């Protein structure tokens, strides 16, 4: 059984990415279970002075949650062609723990946007950051949920577009296979 941690890139309660992350819980293949990781908005801004005084409780909770999963699905918007600040901040905090809790974990990325590109530009920068943590990135197939307002029910947290639901379900099946292959290697 692969335990998947879903990490949201948005801090907003009614975000499209949060809805897609919640929808993923109902699309999992057999042999995979999922939990929502703490939202990055629960963490203080990274500051070495704060860390020097001791790891904040919210960061310790995030570290414990990440260490308890086998793989991670990041579901995120794109902000200004890049990684949302809260998500980058969470990765910065996680990088301060030794051994690094993200190292050697398989990861997949779903970008979500009301726009036509579906948040495509966040992938490259996020991959560079995840590689710095030693994560094992499933690069293909890429997932960019474009026009997400017409494909997601934000309040209910489910996919309303049948083609998108099928694609995301198949992506999670591929990701489960990727995780199993990585574990056997």
For residue 42 and residue 181, what does the FRET efficiency come to when R0 = 45 Å and r is the distance between their Cβ atoms, rounded to the nearest 0.05?
0.85
Tell me the label-point distance for the pair residue 13, residue 162, using the 7 Å Cα-to-Cβ offset, in nm and rounded to one decimal.
3.4
Give me the extension gain from residue 81 to residue 57: residue separation times 0.36 nm, minus the current Cα-Cα distance, reported in nm with one decimal.
5.5 nm
Net lengthening on full extension, residue 127/residue 67 (0.36 nm per residue, minus Cα-Cα):
19.6 nm
Relative contact order (%) - the chain, alpha-carbon pairs under 8 angstrom, separation at least six
27
Pick from 149, 140, 88 the residue whose mean-square fluctuation is largest in a GNM of the chain, springs joining Cα atoms under 10 Å.
140
Taking a ≥ b ≥ c as the square roots of the eigenvalues of the Cα gyration tensor of the range 76-185, is the shape rounded (a/c under 1.5), prolate (a/b larger than b/c) or oblate?
oblate
Mean ellipticity per residue at 222 nm, deg cm²/dmol - from DSSP H runs of n ≥ 4 across the chain, formula -39500 (n - 2.57):
-11500 deg cm²/dmol
Sites residue 49 and residue 104, calculated FRET efficiency, Cβ-Cβ separation with R0 35 Å, nearest 0.05
0.70
When the chain is modelled as a GNM with alpha-carbon springs shorter than 10 Å, which of 93, 110, 81 fluctuates the most?
81
Of the candidates 87, 28, 45, which one comes out as most mobile in a Gaussian network treatment of the chain with C-alpha springs shorter than 10 Å?
45
For the range 2-184, what is the Kirkwood estimate of the hydrodynamic radius, computed as the reciprocal of the mean inverse distance between distinct Cα atoms, to one decimal in Å?
16.3
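Computed from the coordinates by the stated procedures, all read-outs in this text should not be read as laboratory data. If you're wondering where the values come from, they're calculated on a predicted model, not measured in any experiment. All Cβ positions, even for glycine, are placed from backbone atoms using ideal geometry, and neighbour counts span all protein chains on display.
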